[in-house]
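J.: For reference, the structure I am asking about is given below.
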Amino acid sequence: MKVMKRKLLKSNEYWARAEKIIPAGTQTFSKGPTQYVQGVAPIYLENGYGSHVYDVDGNEYIDYALALGSVTLGYAYPAVNMAIEKQLRNGINFSLMHPLEVELSEMLIKIIPCAEMVRFGKNGSDATSGAVRVARAYTGREKIACCGYHGWQDWYIGTTTRDEGVPRSTKELTIPFDYNKIESLEKIFAENEGEIAAVIMEPIIMEEPRNDFVQNVKELAHGNGALLIFDETVTGFRLALGGAQEYLGIIPDLATFGKGMSNGMPISTIVGKREIMKKFEDVFFSFTFGGETLSLASAITTIKEMQDKNAIEHFKIQGKKLMDGYNKLSRENMLQDYTQCIGLPAHSAIYFRDTNGNESLELKSLFQQEVIKRGILTIGVHNISLSHSNEDIEKTLEAYEDSLKIMSQAVEEGNIEKILEGKKIQPVFRKYLPD
Ligand SMILES: Cc1ncc(COP(=O)(O)O)c(C=O)c1O
């Protein structure tokens, strides 16, 4: 497969301007240049159609980042564009409620198993933070046990290495536990008896639950008087239309969705049991753009389109081809100890390890460099959209084949750093390394 002839002049020009006036140069860490090999990867995208995006210098890529998984149908998807344009002609945000709020709520109640009542937010973080607040109000308790990533707000981000600016008193109220390790949650309940308001978790994090993990979490939470909240920001509208709760057949008390529900438009939702959701009559969860209509219109059309075209099945089929194809190539190149594609077909990730079994950002960078040069944009995660065609998948696997051959040779020759043509990828969350 040919390496693309590319220039990144405009990307670099914008970046030079941005660096001076935008802290970190980006609104979203995961989109920023620390996540892509600087010097090789484009920095700014200009437009996208279906599964393909174009950078500001006019270079074309098949995109698997999909705006952090928020684009489920495809960029500039005609039916969604039409719904947005129709609503745009009639106004964007109003002084009273709009009927679309009711229509989308009714739709979500039909689709999501735990949904009896519905509220809307803008980002996934609005929804997780609203759910946590309502759980505290409902139970009269303050502490939260969490598992996964839950967004930028104090109550969660204080548990990570990017905790600057979060008060210690807030940090002390959230305690993380490990996926598929029920004993880590048992310990939290044992040490905080009668204090945990809710367990919030991503119901699936790149691996299926083992030994009834999620069911056991539910029983443990309820046995200790805590609510169970599923953070379905990633799993929702991807594993199944009704999220991991439909996929696993385990119903939480509350659930939050974001990303994929509106094909890139900013909307999220908290859904759940009536008795708990009613508490939002008192709890403050209220903002200017809460009922903004373009996102509501887009969500309704996106979900209808996903139903009509059986998007979930498409994600599975195309995603499986990529996962299986990647792992086969990894084996053929004797790289199975260094890299594998894990997760579920609809949302999988490629990991890279060094000989000590630690994450290798060198290998990840090398892989990304080579696939980008061949027209594939990825941060190491496969988000599949309804627009990813058979041709896209074939082209991607061709790019993987070339890239893994190069990697195999680099591993053998021990010259990975030397053949990197740009700056290595950096972690968003710093790892504490020994001095
Ligand atoms: C599982 C999960 N929860 C919450 C969030 C936060 O969503 P947002 O970035 O839209 O605030 C994310 C974002 O990546 C996520 O993956």
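Here, each number is a calculation from the coordinates, and none is a lab measurement. Treat the numbers as computed from the prediction; the structure is a model and nothing was measured. Glycine gets a Cβ as well: all are built from the backbone with ideal geometry, and neighbour counts include every protein chain shown.
J.: Return P(r) of the chain (all Cα-Cα pairs; 10 Å bins starting at 0; whole %; ordered from short to long distances).
T.: 4, 20, 30, 27, 15, 3, 0
J.: How high is the FRET efficiency from E191 to F429, r the C-beta distance, R0 22 Å, rounded to 0.05?
T.: With R0 = 22 Å, the Cβ-Cβ based efficiency is 0.35.
J.: Along the positive direction of the dipole of the chain (beta-carbon charges: Lys, Arg +1; Asp, Glu -1; about the Cα centre), which of I109, S360, T26 reaches farthest?
T.: Towards the positive end, the residue furthest out is T26.
J.: Any idea how far the Cα center of region 66-112 sits from the one of region 357-435, in Å?
T.: 34
J.: Output ³J(HN,Hα) for region 15-28: one whole-Hz value per residue in order, computed from phi by the Karplus curve 6.51 cos²θ - 1.76 cosθ + 1.60 with θ = phi - 60°, and x for Gly and Pro.
T.: Karplus values, whole Hz, x for Gly and Pro: 5, 4, 6, 5, 3, 7, 10, 10, x, 6, x, 8, 8, 9.
J.: Separate question: Can you compute the modelled spin-label distance between K181 and M1, with each label point 7 Å from Cα toward Cβ, in nm?
T.: Once both label points are built, they end up 3.7 nm from each other.
J.: Taking amide H positions as placed 1.01 Å from N in the peptide plane, with prolines and chain starts having none, which residues 5 or more places from L227, or on another chain, fall under 5 Å of its amide H?
T.: A198, V199
J.: Treating only the Cα positions of region 319-407 as identical point scatterers, give the base-10 log of I(q)/I(0) from the Debye formula at each q in 0.19 Å⁻¹.
T.: Relative scattering, expressed as log10 I(q)/I(0), comes to -0.81.
J.: May I ask for the equivalent-ellipsoid semi-axes of region 263-382, computed as the square root of five times each C-alpha gyration tensor eigenvalue and listed largest first in whole Å?
T.: Square roots of five times the eigenvalues give 39, 19, 15 Å.
J.: Among I92, G236, Y156, flag the residue with its Cα farthest along the positive direction of the charge dipole of the chain, charges on Cβ as +1 for Lys/Arg and -1 for Asp/Glu.
T.: It is I92.
J.: Any idea how far apart F29 and D308 come out in nm if each label point goes 7 Å out from Cα toward Cβ?
T.: 4.0
J.: Hey, another quick one. Which value at 222 nm does the chain reach when only helices count, each DSSP H run of 4 or more adding -39,500 (n - 2.57), with the total divided by all residues and rounded to the nearest 500 deg cm²/dmol?
T.: -12000 deg cm²/dmol
J.: Based on the Cβ-Cβ distance from R168 to N390, what FRET efficiency comes out when R0 is 41 Å, to the nearest 0.05?
T.: The pair R168/N390 has a calculated efficiency of 0.15.
J.: Taking K259 as the anchor, which aspartates and glutamates have their alpha carbon closer than 17 Å to its alpha carbon, excluding any fewer than eight residues away along the same chain?
T.: Here the aspartates and glutamates satisfying the reach criterion relative to K259 are D63, D126, E202, D231, E232, E292, E305.
J.: Would you mind computing, in nm to one decimal, how far apart the modelled labels at E13 and L88 are, each placed 7 Å from Cα along Cα→Cβ?
T.: Distance between label points: 2.6 nm.
J.: Tabulate in residue order the Karplus-calculated ³J(HN,Hα) for region 295-308, using 6.51 cos²θ - 1.76 cosθ + 1.60 with θ = phi - 60°, rounded to whole Hz; enter x for Gly and Pro.
T.: Here the 3J(HN,Hα) series is 5, 5, 4, 5, 4, 4, 5, 4, 5, 4, 5, 5, 5, 4 Hz.
J.: Among DSSP beta bridges lying fully in the chain, give the percent that are antiparallel, nearest 5.
T.: 60
J.: Same structure again: Going through the cross-link list K2/K423; K143/K278; K110/K181; K321/K364; K7/K122, which pairs have a Cα-Cα distance over 26 Å in this structure?
T.: Pairs exceeding 26 Å: K110/K181; K7/K122.
J.: To the nearest 0.05, what FRET efficiency results for E60 and Q336 with a Förster distance of 25 Å applied to their C-beta separation?
T.: 0.20
J.: Also, quick follow-up: So how do 337-347, 272-282 stack up, highest first, on mean other-Cβ count within 10 Å?
T.: Highest to lowest by the protection proxy: 337-347, 272-282.
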